[in-house]
1. So which trypsin sites (Lys or Arg not before Pro) in segment 20-50 are both in a DSSP loop and have at most 10 other Cβ atoms within 10 Å of their Cβ?
2. What does the highest-first list of 146-155, 76-85, 242-251, 436-445 look like by mean Cβ count within 10 Å?
3. What lysines does Lys514 reach when the alpha-carbon gap must be under 22 Å and sequence neighbours fewer than 8 apart in one chain are set aside?
4. What is the local net charge at Arg465, summed over the other residues whose Cβ is closer than 10 Å to its Cβ (Lys, Arg +1; Asp, Glu -1)?
5. Using θ = phi - 60° and the Karplus relation 6.51 cos²θ - 1.76 cosθ + 1.60, list the HN-Hα couplings for segment 240-252 in order, rounded to whole Hz, with x at every Gly or Pro.
6. For the peptides 420-427, 483-490, what is the packing order when you average, over each peptide's residues, the other Cβ atoms within 10 Å and list the highest mean first?
7. With each pseudo-label sitting 7 Å past Cα toward Cβ, what's the Lys486-Glu502 distance in nm, one decimal?
8. Taking θ = phi - 60°, what integer Hz values does the Karplus form 6.51 cos²θ - 1.76 cosθ + 1.60 yield along segment 154-168, in sequence order, with x for Gly and Pro?
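The values are calculated or read from the model by the stated rules, or taken from the named source; none is laboratory data. On a predicted model such as this, the values are computed, not experimentally measured, just so you know. Glycine also receives a Cβ, built like all others from the backbone with ideal geometry; neighbour counts cover every protein chain displayed. Quick note on the areas: whole protein, heavy atoms, side chains included, nothing else; ligands and nucleic acids left out. Shrake-Rupley method; radii C 1.70, N 1.55, O 1.52, S 1.80 Å.
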Amino acid sequence: MDTGATTIGFDFDDTNSKTIGPYRLVRQIGEGGMGVVYHAQQLEPIRRDVALKVIKPGMDTKQVIARFENERQALAVMDHPNIAHVFDAGATSNGRPYFVMELVDGIPITEYCDSKRLSITERIELLISVCEAIHHAHQKGIIHRDIKPSNILIVEYEEKRAPKVIDFGIAKALGQQLDAATMMTNIGVAMGTPDYMSPEQADLTRHDVDTRSDVYSLGAVLYELLTGTTPLKRQSLQNTGYVDVLERIRTEEPERPSTRSRLPQSSAEIASLRRCDPAKLPKVLQGDLDWIAMKALEKDRARRYESVNGLKRDLERYLRGDAVEAGPPSRTYRLSKFVRRHRAWLAAGATFVALLVSAVVVSSWLAIRASRAEQFALTESATAKAVNEFLRHDVLAQASANVQAAPGAKPDPELTVRTALDRAASRIAGKFDAQPMVEASIRQTISNAYRDLGLYSEAQQHSERALELLRRVHGQTHPLVLTAMKELTELYTLRGQYPEAERLYSQVPELHRKLQGAEHPET
């Protein structure tokens, strides 16, 4: 690939068609804020159809040329099947830069999905490929900053379909691969397309846009693929002044996709384009897809997915039927996913029994999964069994006549969750002195149950004791200790004990480095 700035003027060949060096311009196929895109034919050294993008006449200010040069270099450093390839680059005799890239004869992703009546699953599969392309760009130090359907074209070949991401015209360098001078964006100028623009891009006082801005834009595209509309209704943005539009992008919370899909004036058509019954579409979107889309669209970028790869993994989990990371932090949700996948051996029970059994099953599963070393597998299994026995005989027996009650206990079908937890908590002290890991696991389970009920003070007591026991058994550097520290930090935060939360959580990064290495994504 030649990325040097060779100087070529506009000429005319014998067919009287405009040419730029070895490229004959066939027709204009696109136009953006600063450049014009032509379908062109390369005449030598090989013949092929290409897309040629050249800066607009009259737009060749230093700032615009810098942004154009930015796009040219950004594309040149990337090599991914879902990103349009760059073949050549140069400048005209009067200094207007151009570059030549792969001609993508495709359709914007939303139009394509609707025209083919793709299902929700098929749409998500396409977006996963887009996430992989953007993740590749981020690894090369490039933020796209203008992700939208018209910049994601779907092409078909050999009876397959694939997305191509185009137009890195307002991309921003994360590192030093590109000239820092070309990467400057003036404060006071919003860059992007309002329907898909992240809140930080809409803040004219900020210039610290990072990869999470692309996460937001991908979330907006996902929202439109699911519902047929953008997160902030397009019509309302069109009838609003520029400053007000930016304010709404920063502050207005969109409806959940499942709620938006219930709009009566469009629900039938939207559902039909997704090969779904209008009454069923909100149910399909409710839960996992609501959570994934809303996490990607968080106004506070610290609450979004930390990377595009995080969004991609959650979409893949949804397709597999696994629990998604964007789900609410409750054991009940994770149990529901577990039960759905193991119906054959999990009998249905009363709501209360299911709630507490879920805590046992999922806590045991997470404890075993967290234990990376094979030699601890038997120990973790024994702990899970002991936790299960305690909850069955000391908790569930209080409410269910279908399980063996503790000596002298009588089943109480009217028992409340709070009372059952209080009774169980009162029986822990001294019962597991010889089994600290069992006591720690039980206290974590009860702490999580209290937290789900909003009883943060009670939850904190058990979480603190669990962390103390885990440190006694494993020392400071262990995955279970790290998890317990994070859970206790959340409780401190929920109770407004910010100095305690900060003091505890400040130890977490160093523990991550010791356990997982400095380059691990979680670190």
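1. Arg47
2. On the way: 146-155: 22.2, 76-85: 18.0, 242-251: 14.9, 436-445: 25.0.
Top of the packing list down: 436-445, 146-155, 76-85, 242-251.
3. Within reach: Lys486.
4. Here the charged neighbours net out to -2.
5. 10, x, 4, 5, 5, 4, 4, 5, 5, 4, 6, 10, 7
6. Values: 420-427: 16.9, 483-490: 19.2.
My ranking of the peptides, most packed first, is 483-490, 420-427.
7. 2.2 nm
8. Whole-Hz 3J(HN,Hα) from phi for segment 154-168: 9, 10, 10, 7, 6, 6, 10, 10, 8, x, 10, 8, 10, 6, 9.
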